[in-house]
2 protein chains.
Amino acid sequence: MKGLLRPARRTTLADDVYESVRALVMDHAVAPGERINIDALARRLEVSPTPVREALARLESDGLVRKRPLVGYTAAPLLTRTEFDELVEMRLILETASARRVAERFAGQRTGGDTNSGDGGGEASAGLAGELAELRREAELPDQMPGTEGFAAIAAFTAQDARFHHLLAERSGNRMLHAAVVRLRAHLHLFRLHFPTAHYGTSAREHLRIVDAIGTGDPDAAGTAIRDHLLAAADRHLPFFQGNRCG
Amino acid sequence: MKGLLRPARRTTLADDVYESVRALVMDHAVAPGERINIDALARRLEVSPTPVREALARLESDGLVRKRPLVGYTAAPLLTRTEFDELVEMRLILETASARRVAERFAGQRTGGDTNSGDGGGEASAGLAGELAELRREAELPDQMPGTEGFAAIAAFTAQDARFHHLLAERSGNRMLHAAVVRLRAHLHLFRLHFPTAHYGTSAREHLRIVDAIGTGDPDAAGTAIRDHLLAAADRHLPFFQGNRCG
DNA sequence: ACGGCACCGTTCCTATAGGATCTTCGATCG
DNA sequence: CGATCGAAGATCCTATAGGAACGGTGCCGT
């Protein structure tokens, strides 16, 4: 129908729909637990129900939507207290390992390590220095964010926080680990949007401490730093479970 | 068409197709990297292409099939050496945490722990003892398997090994951790089927050592035991990477 | 008044047909 | 002889229509 405007598409319609619906859920354009009508969504996105169905199937694997057979899809409900605790534990497991791994890479480079890597020591060193600088830049950003308030500020802060943690996981060098961290992140994002909290300065300080520990090449210090950060962040979110019965 | 035979289906057709295709890939009914024709698959399963497409979308999220836009789906290619190493590292991260967690639960029960759990101490204790017995039973099974040879024996061994590790992850009490372990397992299963190896006795011994460590309630011992097991298992699979260029 | 039952609207689920795209094969030119 | 261009085949992707099941509502019986 309107495919004529993009003759050489590299991505299929279902992929676009996937991103759109994902954005819809992540931005709370559809409330948690709300029913998702396939036909209505198809009309809204101006596509046929088939690619919508395909996109929803993928989103269900990601845990962002839930499917009840012969009833329909619903947006993922908010995390219960138990699920929140499990999420925190998973983050501790994955991100501690991630931070340790990055620190180990720096330690290996610092002590000379093996020079038989194809890239050559100098370039690798420069690459690592660049990585550290990039991490530090992402860590510092929350502290420099404009003093905007309200929903947009929360969303921006959350996105920035996600960038830092994703970058850290990516730099672990383990793609599976990175993917696992990203997957978990979606749920926390939803939770944060529903219970807005932003501790710009605190978050930036803790992030910088993690980066510093990594820079020294000490896996234990890096692990401790990120562990403290995750636990502190969890504590900051904990009050929202008091006095709401959805947990 | 033939839905009349199951009037009160609790599962949709796409779910059945998902399981079927998953079994097809897991049993190497379709070779790794082989192209998957949607229409052909639909005819073979006697359904329309739509649910097949939906099932493939979910399988792609699981990493079992790959999709190239406007080209088609292909069965997941075999793990490269790099991916295998990453898989081993992920298993170390997840399953070590899992074993530690189970051991901690036993330690808490043994030392009396908190008695304010709603189930009551006695029942919880009996439950834990039952869990340990169940784990031990699963761990011992590989050593008692019939001396069958060939593909079926390999498949049976692999399935039994998977049951033990899945049960261990499930008993960690963290559903997300369990899901993550199960997800990783699929890839290892494919790899094993392509390079058949079975060390029944060795595997059973190592499993029992893990169970024993858990029974003592010592997280460090449990972590060490499963770490040794995973590393040993990885070493047993390593030779298959020598002299094949698909890595 | 309360529980069980039947009806109806809505929605999902499945099947089929047509348009667009990529791959492959063959012919042609340098 | 190799490379490039063009066309045919196969496949995927999308759109639309019809059948089946579930949830809600009103009625009836106890």
**Theoretical FRET efficiency, 1/(1+(r/R0)^6), r = Cβ-Cβ of B:SER61 and A:ALA152, R0 35 Å, to 0.05** = 0.70
**Request:** Quote the accessible area belonging to B:PHE151 in square angstrom, nearest 10, computed with a 1.4 Å probe and with ligands, DNA and RNA left uncounted.
**Result:** 120
**Prompt:** Each label point is 7 Å from the Cα along the Cα-to-Cβ direction; what then is the distance between the points at A:ASP16 and B:THR216, in nm?
**Reply:** 6.2
**Asked** Short version: ³J(HN,Hα) in whole Hz for each residue of segment B:24-32, in order, from phi by Karplus 6.51 cos²θ - 1.76 cosθ + 1.60 (θ = phi - 60°), x for Gly and Pro, what are they?
**Response** 4, 6, 5, 8, 6, 5, 10, 5, x
**Prompt:** In whole percent, what relative contact order does segment A:3-75 give with Cα contacts below 8 Å and a gap of six or more residues?
**Reply:** 37
**Message:** Between A:LEU238 and A:ARG175, what is the label-point separation in nm under the 7 Å Cα-to-beta-carbon projection?
**Reply:** 3.9
**Asked** Using a basic spin-label model with each label point 7 Å from the Cα along Cα→Cβ, how many nm lie between B:HIS194 and A:LEU208?
**Response** 4.8
**Request:** Determine ³J(HN,Hα), in whole Hz, for all residues of segment A:154-160 in sequence, where each value follows from phi through the Karplus function 6.51 cos²θ - 1.76 cosθ + 1.60 and θ = phi - 60°; x replaces Gly and Pro.
**Result:** 4, 4, 5, 4, 4, 5, 5
**Item:** Paramagnetic label zone (point 7 Å from Cα along Cα-to-C-beta, B:ALA159; backbone N under 12 Å) in segment B:19-45
**Value:** B:27
**Message:** Just to be sure I understand: if you take the accessible area of chain B alone plus chain A alone and subtract the pair, with a 1.4 Å probe, what total do you get in Å², rounded to 100?
**Reply:** 3000
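The values are calculated or read from the model by the stated rules, or taken from the named source; none is laboratory data. Everything quoted here is computed from the prediction, not taken from an experiment. Glycine gets a Cβ as well: all are built from the backbone with ideal geometry, and neighbour counts include every protein chain shown. The protein model used for the area step is the full one, side chains on, heavy atoms only, and it has no ligands, DNA or RNA in it. Shrake-Rupley method; radii C 1.70, N 1.55, O 1.52, S 1.80 Å.
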